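The values are calculated or read from the model by the stated rules, or taken from the named source; none is laboratory data. What you are looking at is a predicted structure, and each value in this text was computed from that prediction instead of being measured. Reconstructed Cβ throughout: ideal geometry from the backbone, glycine too, with neighbour counts over all protein chains shown. We work out accessible area using only protein heavy atoms, side chains counted, and drop any ligands, DNA or RNA first. Shrake-Rupley method; radii C 1.70, N 1.55, O 1.52, S 1.80 Å.
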Amino acid sequence: MRISTSAGPARIELDTAEDPPFLLVLTHGAGGGTGTADLLAARQAGLDLGAAAARVLQPYRVRGARAPGSAARQDQAWLEIIGKLRRRFPGVPLVQGGRSNGARVACRTARAAGALAVLALAFPLHPPGHPDRSRAAELAEAGTEVLVVNGASDPFGIPEPGGGVQVLVLPGAAHALTGQGGAIRRVVGAWLTDLRTGTPA
């Protein structure tokens with residue numbers, strides 16, 4: 001399906017469910033798409049629990065651009081997408097997330113979207129080689145429970161846990177989280193189960 005936004009149309013791949021316990025909305029990294037193994041594993045973790053799951057190809061990627069451009073414009077388009085998806089699933093709790101740049105968007109917009117929680121795959125803590133340019137404030141900005149899943153050798157760095165932020169580090173993995181689909185499905189599934197039952201982290 002397509003959703004119109006102020007930044008152009010977005011393309012959504014939606015798995016619906018009968019009476020879903022939550023709506024899981026995921027998006028891609030800066031130059032990527034919605035078919036990466038980590039996003040598919042997270043989606044499957046949601047489907048395993050009966051969730052409705054949407055994977056969003058953001059407007060700039062639909063246009064063929066590789067760079068997202070203005071963060072403010074990207075975030076606004078994201079909130080428009082979320083608003084329209086939530087109207088399709090009224091009253092259903094929202095869990096939003098993504099990988100890399102998509103994780104940043106999910107964190108920055110979580111409060112405005114009313115998200116129950118945020119899944120941050122390969123959160124890029126800083127540009128490679130520039131730890132002084134930390135994006136840790138974006139994780140705190142989410143204002144809700146955040147699960148970060150990063151590779152142990154990610155050149156973009158690994159956030160520190162604290163507050164509502166949990167961090168899971170996968171040994172032997174880098175930024176792409178290659179070959180980690182099984183682990184991601186398991187850990188995201190357990191985290192979503194805890195959210196659903198209200199079990200403290």
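Results, tabulated for the structure shown:
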| item | result |
| --- | --- |
| Count - residues of the stretch 50-81 that are of a type in the set (K, R) and either assigned to a helix (DSSP H, G or I) or modelled with pLDDT under 95 (or both) | 3 |
| The stretch 19-58, residues that are among the acidic types (D, E) and within 11 Å of V188 (Cα to Cα) | D38, D48 |
| Helices (runs of 4 or more DSSP H) enclosed by the stretch 86-201 - at least 1 residues per element that are hydroxyl-bearing (S, T, Y) and modelled with pLDDT under 95 | 181-197 |
| Scope the stretch 46-67; condition within 13 Å of the chain's Cα centre (by Cα) and open to solvent by less than 10 Å² (accessible area, probe 1.4 Å); matching residues | G46, A53, A54, V56, Q58 |
| Given (1) of a type in the set (S, T, Y); (2) touching a helix residue (DSSP H, G or I) at 6+ places or on another chain (Cβ under 7 Å); (3) in contact (Cβ under 8 Å) with a residue 40 or more places away in the chain, index of the condition T144 fails | (3) |
| Residues within the stretch 90-138 that are open to solvent by 10 Å² or more (accessible area, probe 1.4 Å) and within 12 Å of the chain's Cα centre (by Cα), tallied | 6 |
| Condition check for A77: within 20 Å of S6 (Cβ to Cβ), out of contact with any His (no Cβ under 8 Å at 6 or more places or on another chain) and surrounded by fewer than 15 Cβ atoms within 10 Å (Cβ to Cβ) | no |
